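Taking it in order: structure first as structure tokens, then the write-up.
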Amino acid sequence: MMVMTAKVSTLSSRLRALTTMSQLQQTQAQVIKLGLETDPLILSALLTAATRSPSGCLTHAQSIFSSASTDNVYHCNIMIRAYASSLFPLRGLHVYNRMRRREVRHDNFTYSFVLKACAAAFRALDDGGADSEHWRALLAAKGFELHASIFKSGFCYDHFIHNLLIHMYAQCGSVRFARKVFDEMVDRNVHTWNIMISACDQAGDFDSSDQLFNSMPARNVVSWNTLLARYVRLCDVEAAERVLDEMPIRDSVSWNTIIALYVHTKDYDRALGLFREMQAAGVDPTEVTMISILGACAETGALEVGREIHQTLRLKQSRIEGYLGNALVDMYAKCGEMSSARRVFNELKMKHIACWNAMIVGLAVHGYSEEALKLFAAMDTSPHEATPNRITFMGVLTACSHKGLVEEGRGFFRRMTSEYSIRPDFKHYGCMVDLLSRSGQLSEAFHLIQEASLDTKAPLWRTLLGSCRIHSNVELADECFNQLSGCLTDGDYVLLSNIYAEAERWDDVQRVRNAMIDSKVAKQSGYSNFQPANAG
């Protein structure tokens, strides 16, 4: 008995010191060989190593957790915490629900982690889905249920849980309830004030936010970062830079916030410059820093900087999963480095829909239409992977358009609405009009635009008007031109005039030119960027 206890203690210590998945798998093999895979202490150490180590794997942790014969509060807590910090927070709520069904006891850590999971799940909702409001209602109800359970279980006096309740209500859009919890707290620390200020900012209640900020008994760097985050949300660069200058102390979050602001306002050069300045100041970049800078690299085509970041992550043996994995795939895909994008994509154990979208859209845009459709099929047929959304179908329809796959495009367009309840937007209709126009299905494209429920259709009519010239369809060109009435540009008049000229309908050419003059639409002058060499 004492020998077995010593082995358990030794293996637990070894598991806590692991840094790579290969080490974890080797130690796990020893655990199985010794018949200790059901030992609660060993299981806790295995799950912690799989979820918390820099190169851990959440999928592997889930397989260990699923194979456990009995539910254990510590094992459940580890999984809920891991999912709450991942791209799949909803799975943390699933673990909690299973605990309730099996009447596994809860502790204060359970509620701490599940409140984080609920807040993260609400924040991660896809606004484009037809059922997003349904999920918002469910998650809000879950939040109220958790609050009631916390009160009933006697954890309502836990200071840390109180803070998380405020955060959860704020993320779910229930600022009134967040403020109620805040006001009822007898003892508030600086963290409590920071959460409440952030909640008011997110709700746009800046007066309350300022009042709270000025009433704080003490401030820390997080307090200033919270104020900084407000101006980032408002895209007020000058105000954010002013707060940054006034801050008595900065941390990595301060740098990350300003970098994220530059990326959001599409000032990518300043974002990359500030990143270099951050490195020069000796501030270690965090995962959030890397994600923001990879976004800047993706938009500017700064492939070498992106590769440098990827190499740094490899050297540090950092876990490339979640948002970081998505950012790397997106960066490589937008820079046209599809082989590297696919390599990172294949290495990811758990793929969020954003990751699938980055890969599918990247393949479609860069001409790999067949590969894009194969990848969509792989995602679509796997019950454990992500559910397609509007961006997915934009990539798929783009692939069909580039390859001229009319029947396939029609099928995907139907499935988007009938199977996934996604309402097509301007970009989806644009892909379909382009696809149909390229293949000469001009009449079908015309009726599709007519039936589209869009606020503006002018760009679609212009696309079809251009196709009428390619396919010499003068009658339909007239119809498209008429549909553009009220928003005609000089290009529309010139295009229709050219269509008539190619059909040798000279009277109509003159009529269009006269109409252009009568409407006082000026034809833009052509110009060239050519600059002759200096002869001197």
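The values are calculated or read from the model by the stated rules, or taken from the named source; none is laboratory data. Note that the structure is a prediction, hence the values are computed from the model and not measured. Note: ideal-geometry Cβ built from the backbone for every residue, glycine included; neighbour counts use all protein chains shown. Protein only, heavy atoms only, side chains kept; ligands, DNA and RNA dropped before computing areas. Shrake-Rupley method; radii C 1.70, N 1.55, O 1.52, S 1.80 Å.
If you check GLU241, GLU321 for being buried (at least 22 other Cβ atoms within 10 Å of the Cβ), modelled with pLDDT under 90 and not basic (Lys, Arg), only one passes: GLU321. Residues in the range 129-150 that are assigned to a helix (DSSP H, G or I) and either in contact with a Pro (Cβ under 9 Å, 6 or more places away or on another chain) or open to solvent by 70 Å² or more (accessible area, probe 1.4 Å) (or both): GLU133, HIS134, TRP135, LEU138, PHE144. For first residues located in the range 504-524 and under 15 Å from CYS487 (Cα atoms), partners that are surrounded by 15 or more Cβ atoms within 10 Å (Cβ to Cβ) and modelled with pLDDT of 75 or more and lie 6+ apart or on another chain with Cβ distances below 6 Å form the pairs MET516/TYR493.
Residues that are open to solvent by 10 Å² or more (accessible area, probe 1.4 Å) and either in a helix (DSSP H, G or I) or farther than 17 Å from ALA148 by Cα (or both) within the range 96-119 comprise ASN97, ARG98, ARG100, ARG101, ARG102, VAL104, ASN108, PHE109, PHE113, LYS116, listed in sequence order. Selection of the range 351-361 for residues being surrounded by fewer than 24 Cβ atoms within 10 Å (Cβ to Cβ) and part of a helix (DSSP H, G or I) yields ILE353, ALA354, VAL361. Enumerate the pairs (first residue in the range 157-173 and at positive phi; second residue anywhere and of a type in the set (D, E, K, R)) with beta-carbon separation below 9 Å, excluding pairs fewer than 6 apart on the same chain, so at least 6 apart or on different chains. From residues that are at positive phi, the pairs are GLY173/ARG136. Please enumerate the residues belonging to the range 320-350 that are under 12 Å from the mean Cα position of the chain (by Cα) and in a loop (DSSP other than H, G, I, E, B). Those that are under 12 Å from the mean Cα position of the chain (by Cα) and in a loop (DSSP other than H, G, I, E, B): none in the range 320-350. Inclusion of ALA364 among residues that are aliphatic (A, V, I, L, M), open to solvent by less than 10 Å² (accessible area, probe 1.4 Å) and in a helix (DSSP H, G or I) is warranted. Filtering LEU495, LEU465 for residues that are at negative phi and out of contact with any Lys or Arg (no Cβ under 8 Å at 6 or more places or on another chain) leaves a single hit, LEU465.
Report, ordered by the first and then the second residue, all pairs with beta carbons closer than 9 Å, sequence separation of six or more or different chains, a first member in the range 176-187 that is in a helix (DSSP H, G or I), and a second member that is β-branched (Val, Ile, Thr). These pairs meet every condition: PHE177/ILE166; ALA178/ILE166; ALA178/ILE195; ARG179/ILE166; VAL181/ILE166; PHE182/ILE166; PHE182/THR192; PHE182/ILE195. If I filter the range 464-486 down to residues being open to solvent by 40 Å² or more (accessible area, probe 1.4 Å) and outside any helix (DSSP H, G or I), which single residue comes out as nearest to GLU504 (Cα to Cα)? Ranking the candidates gives SER472 first. Among the residues that make up the range 206-219, is at least one of them surrounded by fewer than 20 Cβ atoms within 10 Å (Cβ to Cβ), of a type in the set (Ser, Thr, Tyr) and in a loop (DSSP other than H, G, I, E, B)? Within the range 206-219 (the criterion being surrounded by fewer than 20 Cβ atoms within 10 Å (Cβ to Cβ), of a type in the set (Ser, Thr, Tyr) and in a loop (DSSP other than H, G, I, E, B)), the answer is no, since none of the residues qualifies. For beta carbons closer than 6 Å, sequence separation of 6+ or different chains, a first residue in the range 273-296 that is closer than 21 Å to CYS335 by Cα and a second that is open to solvent by 40 Å² or more (accessible area, probe 1.4 Å), the qualifying pairs are ILE291/TYR323.
Tallying residues that are at pLDDT 90 or above and not hydrophobic (A, V, I, L, M, F, W, C) within the range 60-93 yields 8. List every residue pair whose Cβ atoms sit under 7 Å apart, with the two residues 6 or more apart in sequence or on different chains, where the first one lies in the range 327-344 and is farther than 18 Å from ALA296 by Cβ and the second, anywhere, is surrounded by fewer than 19 Cβ atoms within 10 Å (Cβ to Cβ) and not small (Gly, Ala, Ser). Sorted first by the residue in the range 327-344, then by its partner, the pairs are MET338/HIS366. Filtering the range 367-397 to residues that are touching a residue at least 24 places away in the same chain (Cβ under 8 Å), assigned to a helix (DSSP H, G or I) and either more than 20 Å from the chain's Cα centre (by Cα) or at positive phi (or both) leaves SER369, GLU370, LEU373, LEU397.
Each residue in the range 466-518 was checked for being modelled with pLDDT of 90 or more, within 18 Å of PHE446 (Cα to Cα) and small (Gly, Ala, Ser), and 4 of them qualify. Screening ILE197, ILE249 for residues that are farther than 22 Å from ILE293 by Cβ and at pLDDT below 90 leaves exactly one candidate, ILE249.
The rows are residues; the columns are (1) touching a helix residue (DSSP H, G or I) at 6+ places or on another chain (Cβ under 9 Å); (2) under 24 Å from ILE259 (Cβ atoms); (3) part of a helix (DSSP H, G or I).
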| residue | (1), (2), (3) |
| --- | --- |
| LYS152 | no, no, yes |
| CYS156 | yes, no, no |
| ILE161 | yes, no, yes |
| LEU164 | yes, no, yes |
| ILE195 | yes, yes, yes |
| SER198 | yes, yes, yes |
| VAL222 | yes, yes, yes |
| ALA229 | yes, yes, yes |
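So that you can scan it fast, the table gives a plain yes or no per residue for (1) part of a helix (DSSP H, G or I); (2) touching a strand residue (DSSP E or B) at 6+ places or on another chain (Cβ under 8 Å); (3) within 24 Å of GLU337 (Cα to Cα):
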position: THR257; (1), (2), (3): yes, no, no
position: GLU277; (1), (2), (3): yes, no, no
position: GLY282; (1), (2), (3): no, no, no
position: ALA298; (1), (2), (3): yes, no, yes
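Among the residues making up the range 367-378, those that are among the aliphatic types (A, V, I, L, M) and buried (at least 19 other Cβ atoms within 10 Å of the Cβ) are ALA372, LEU373, LEU375.
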